[in-house]
Amino acid sequence: MKIIPGISTQVLATRIAAELGCKVSVCTFKKFPDGELYTRIVDDIKDEEVTIVQSIRTDSDLICLLQLIDAVEEAGKTKVVIPYLGYARQDKKFKLGEAISIRAIARCLSVADLDTIYVVNVHNKAVLKYFDVDTTELDASPLIGDYVTKKEIAHPVIIGPDEGAMGLAKAVAAPYGFDYDVLAKKRISGEEVEIKPKELNVEGKEVVIVDDIISTGGTISEAASLLKAQRTNDIYVACVHGVFAQNAISRMLNAGVKELIATDTIESEFSKVSVAKMVAEALKR
Ligand code: R5P
C-alpha cells in the first residue's frame, strides 16, 4: 500500500505510513497566480493499493482531496482517510434555502470509485447516511483519556461544555475511571440562570474540558470562566479537532486555560495526541 499525503495532513499521513511500514508517495502542490490549486502525485501508483489522507479544514483542502481522488484514477483499490471532516456541523437546513454542506461534500465523494472512507469523530454521526461509499468513523476519545492519564493529573474531572458533549466526556473518562459531567443551565429565579456542572462539585478539582471541535474557542472560554467561578484548580482543555480559528488560542488562554491538547487530525503545536496508530489499525483490517 502507498499513502498519499494531502496538503493539510502531511505529518499524520507520514505517521500512518510509519505505523504500516509502507511508502509515502511524493506529491506536488502549488498555487497558480490566480489562486487555483495544482496537485500532482509524482510517484507511479498504477495498479497500486493507495490510501489518501487529507483533512478538510478549509475550502482549499476539499479541492485538494477531490484532486487527489481524481489523480489516483490509475491506482487499484483506493481508500480515503479524512481525519477531520469539516462542514459536518452544517448537517441540515437551519434556514430555508440553505445548503446542507456536508451532504454536498458526501455527494462529491460518492461519485468516486472509492473502497472505503474513514473519518475521525465526525461532529454528528447521522451525516454518514449521506455517503454512498462505505464510511467508517474512528473514535479518538480513548486516546485523549490515555494522554490525560499519562499527565498524572490528580483525580481529574472530565467536563463537557454542554449537554451535547456528554457522550464524549463519558468516552474519555469511563475507560480510566475518571468522574465526568457536563455544564448545564439551572434556573434560579425568573431573572437568574446559573450554569454549572449538572451533578458534580468541582471545587478544588483539576478539570479537563473536552469537546469534539474547537473553532473560535468561544464555547471553551465561556466554559472555563464558568468553571473558574466554581473555584476549580487547574483547567485543561482537550479536543479531537483543533480548528483554532481567529484568536481562539489567546481567548482560551486568557480565560484561564492552563494547557490545550488536540489530536493531529489538524496539525498544530497543540497536536499532542496522535490518531496515526488507530487509523493504521483500521486500514489493516
Ligand atoms: C458544537 O456543537 C461543537 O461540538 C463545538 O462545541 C463547537 O463547534 C465549538 O465552536 P467554538 O469553538 O467556535 O465555540
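Highest GNM mean-square fluctuation among CYS239, CYS64, CYS22, for the chain modelled with Cα contacts below 10 Å: CYS22. Principal axis extents of the C-alpha atoms in segment 14-93 (largest first, rounded to whole Å): 40, 32, 22.
One decimal place: the segment ASP134-VAL193 gains 16.7 nm when fully extended, by the rule 0.36 nm per residue minus the C-alpha distance.
Rounded to the nearest 20, the size of the Cβ-charge dipole of the chain about its Cα centre is 420 debye, with Lys and Arg at +1 and Asp and Glu at -1. Straight Cα distances below 16 angstrom link LYS31 to the aspartates and glutamates ASP59, ASP61, with same-chain residues fewer than 8 positions distant left out. When you filter the trypsin sites (Lys or Arg not before Pro) in segment 185-230 for DSSP loop state and at most 15 other Cβ atoms inside 10 Å of their Cβ, you are left with LYS198. Scalar couplings 3J(HN,Hα) for segment 122-132, obtained by applying the Karplus form with A = 6.51, B = -1.76, C = 1.60 to θ = phi - 60°, are 5, 4, 9, 3, 4, 5, 5, 5, 6, 8, 7 Hz; x denotes Gly and Pro. Taking all protein chains into account, the per residue accessible area for segment 65-190 stands at 50 Å² (1.4 Å probe). Equivalent-ellipsoid semi-axes for segment 117-267 (Cα gyration tensor, √(5λ), whole Å, largest first): 26, 18, 16. A DSSP coil position with no more than 13 other Cβ atoms inside 10 Å describes the following chymotrypsin sites (Phe, Trp or Tyr not before Pro) in segment 27-97: PHE94.
Could you sort out which of LYS93/LYS186; LYS125/LYS185; LYS125/LYS228; LYS93/LYS170; LYS46/LYS79 sit more than 20 Å apart by Cα distance in this structure? Violating the 20 Å limit, Cα to Cα: LYS93/LYS186; LYS125/LYS185; LYS125/LYS228; LYS93/LYS170.
Compactness check for the chain: Cα Rg over 2.2 N^0.38 Å is 1.07. Charge tally for LYS186 (other residues, Cβ to Cβ under 15 Å; Lys, Arg +1; Asp, Glu -1): -3. Here segment 141-264 exposes an accessible surface that is 46 percent carbon and sulfur, computed with a 1.4 Å probe and the other protein chains kept in place. Farthest toward the positive end of the dipole of the chain, out of GLY164, SER274, CYS22, is the Cα of GLY164, where the dipole comes from beta carbon charges about the Cα centre.
Only beta bridges with both residues in the chain are counted; by DSSP, about 20 percent of them are antiparallel.
The alpha-carbon atoms of segment 150-204 define a convex hull whose volume equals 85 cubic angstrom per residue.
Build a GNM of the chain with springs between Cα atoms under 10 Å apart, and of ASP91, ASP34, ASP115 the one that fluctuates most is ASP34.
Which residues in segment 52-78 place their backbone N less than 18 Å from a point set 7 Å from the Cα of ASP34 along the Cα-to-Cβ direction? Once the point is set 7 Å along Cα→Cβ of ASP34, 60, 63-64, 67 turn out to lie under 18 Å by backbone N, inside segment 52-78.
Express the relative contact order of segment 141-264 as a whole percentage, based on alpha carbon pairs under 8 Å and six or more residues apart in sequence. Value for segment 141-264: 23 percent.
For ASP179, the residues whose amide H sits under 5 Å from its own are ILE158, ignoring neighbours fewer than 5 places away on the same chain, with H placed 1.01 Å from N.
The values are calculated or read from the model by the stated rules, or taken from the named source; none is laboratory data. On a predicted model such as this, the values are computed, not experimentally measured, just so you know. Virtual Cβ from ideal backbone geometry, glycine too; neighbours counted across all protein chains shown. Calculation scope for accessible area: heavy atoms of the full protein, side chains included, ligands and nucleic acids excluded. Shrake-Rupley method; radii C 1.70, N 1.55, O 1.52, S 1.80 Å.
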